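Down below is the structure, laid out as structure tokens.
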Amino acid sequence: MLTKTLKSWLCVAFSFVFLMFSNAAWNKAQAQLLVDVGTGTLQNTPTSYPAPYGNFWWGAKHQMMVRASELNALGIAGGSLNSLAFFVVVPEGTALQNFTIKIGTTNDTALSTTTGFVGNMTQVFTVPAYTEVSGWNTHTFTQPFFWNGSSNLIIETCFNNNTYTNNAVMRNSDAGFTSTLYFRQDAVGTCTGTPGAFTFFSSTERSNMRLGFLPLSGTDAAATGLINPAPPVLGGTTGQVIMRLSNYAANTITGATVGYSLNNGAAVTEAWSGSLPTGQSVSHTFTPTLSLPLNPPADLKVWVVNPSPGPDINAGNDTFTVSLCYALPGGVYSVGPGTGAAFPSLQAAVQAIRCGGIAGPVTFELQSGVHYGSYSLGNILGLSASSTL
């Protein structure tokens, strides 16, 4: 293992020279199709990347592209992706904190550090800590991801520890195109921050993967998103609830019952009708308006049931709950550690604006004391020339 001093020196030298939803039940009657993407025998080292289970830096975020043509050649024409596995040759044994997997799609045919990470990813798996083992490490998703069979698939992994060890040695393949982006740093905020020039890299090497698909069959109506209320959200406001309804199976959906409730209160239900083909989504705007409480919590539960034709083969994606984060109103806020502070720590203040954004100019005033932390704020909702931070 390289020493931290040598690792830091190498980093400086390089810089100088180059300046999800709950899914409690699966339909067990469906046969899962397992396909291996990548059969190469390349390996990373304990200090090199790409390595989704790599802890040579505190945190690491990877995005890996699998082209639709690769999956089609393996006999997958579309369906619900419900598991992902990586192959480990030599485990490191370090618990990777908040290990998370997200899935998305793109029409791009390769990844690039110029265009950056692909956005609009869907979280399908997260655990407080994950320790890899030898052989295949399978992550079964808490929420399946519907793949339409034609878009290129993006698989994202991320974790962030507060110290470093070594990388697990993983089996990789050369995909023949820029198939992997990775961002690693010795700091917090790896999964949400913006990569810097000397911490962001691309590679044609991609970790070998085993993907589990549920083939297209039957009817599966899914509640897949909340369009409104949309952040930044202010307490005490009134507006309409707009949800997204998706078709994740073979049959065209022609009707369903949709509904929502706030903080486990009275349910609002309506009938939806139309024609929703396989792989498509549609929005539904509820007629009654929703009045948000002045102060949190504001937990909005949204669902779809009783699709036509029935039955629904996967009840696990019928319901989701969103805890609405309120935007921080414009003003001056004191930050602890002293008594009477609006926020007990700088970390708490940063978490508040990361979650809900701001709704006016915001100033944080630090009280006397020790304030420790390294934060990458990224895009703050509501931030503008008039609403400053």
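The values are calculated or read from the model by the stated rules, or taken from the named source; none is laboratory data. Every value quoted in this text rests on a predicted model; they were computed, and no experiment measured them. Please note: Cβ atoms are built from the backbone with ideal geometry, for glycine as well, and neighbour counts cover all protein chains shown.
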Residue check: is THR163 in a loop (DSSP other than H, G, I, E, B), modelled with pLDDT under 90, surrounded by fewer than 16 Cβ atoms within 10 Å (Cβ to Cβ) and out of contact with any Asp or Glu (no Cβ under 8 Å at 6 or more places or on another chain)? no
Which ranges mark the strands (runs of 3 or more DSSP E) fully within the range 179-265 that have 1 or more residues being over 24 Å from the mean Cα position of the chain (by Cα) and surrounded by fewer than 22 Cβ atoms within 10 Å (Cβ to Cβ)? 238-247, 253-262
Pairs please, first residue from the range 152-170 and assigned by TED's automatic domain parsing to the domain that holds GLN185, second anywhere and among the acidic types (Asp, Glu), Cβ atoms under 7 Å, 6+ apart in sequence or on different chains. ASN152/ASP108; TYR164/ASP186; THR165/GLU92; ASN166/GLU92; ASN167/GLU92; ALA168/GLU92; ALA168/GLU132
Name the residues in the range 315-349 that are out of contact with any Gly (no Cβ under 9 Å at 6 or more places or on another chain), under 30 Å from THR252 (Cβ atoms) and not β-branched (Val, Ile, Thr), would you? ALA315, GLY316, ASN317, ASP318
Quick one: would you say GLY331 is touching a strand residue (DSSP E or B) at 6+ places or on another chain (Cβ under 9 Å) and not assigned by TED's automatic domain parsing to the domain that holds ASN295? yes
Output the residues belonging to the range 356-384 that are surrounded by fewer than 16 Cβ atoms within 10 Å (Cβ to Cβ), modelled with pLDDT of 80 or more and under 25 Å from GLY116 (Cα atoms). SER384
Which numbered condition in (1) outside any loop (DSSP other than H, G, I, E, B); (2) surrounded by 14 or more Cβ atoms within 10 Å (Cβ to Cβ) is the only one that VAL332 fails? (2)
Taking the conditions exactly as written (acidic (Asp, Glu), within 23 Å of the chain's Cα centre (by Cα) and more than 24 Å from SER151 (Cα to Cα)), does ASP312 satisfy them or not? no
By residue number, the members of the range 101-122 that are within 19 Å of SER80 (Cβ to Cβ) and not hydroxyl-bearing (Ser, Thr, Tyr) are ILE101, LYS102, ILE103, GLY104, ASN120, MET121
Filter the range 36-93 for residues that are of a type in the set (Phe, Trp, Tyr), touching a Ser or Thr at 6+ places or on another chain (Cβ under 6 Å) and within 20 Å of LEU153 (Cα to Cα) and give the result. PHE86
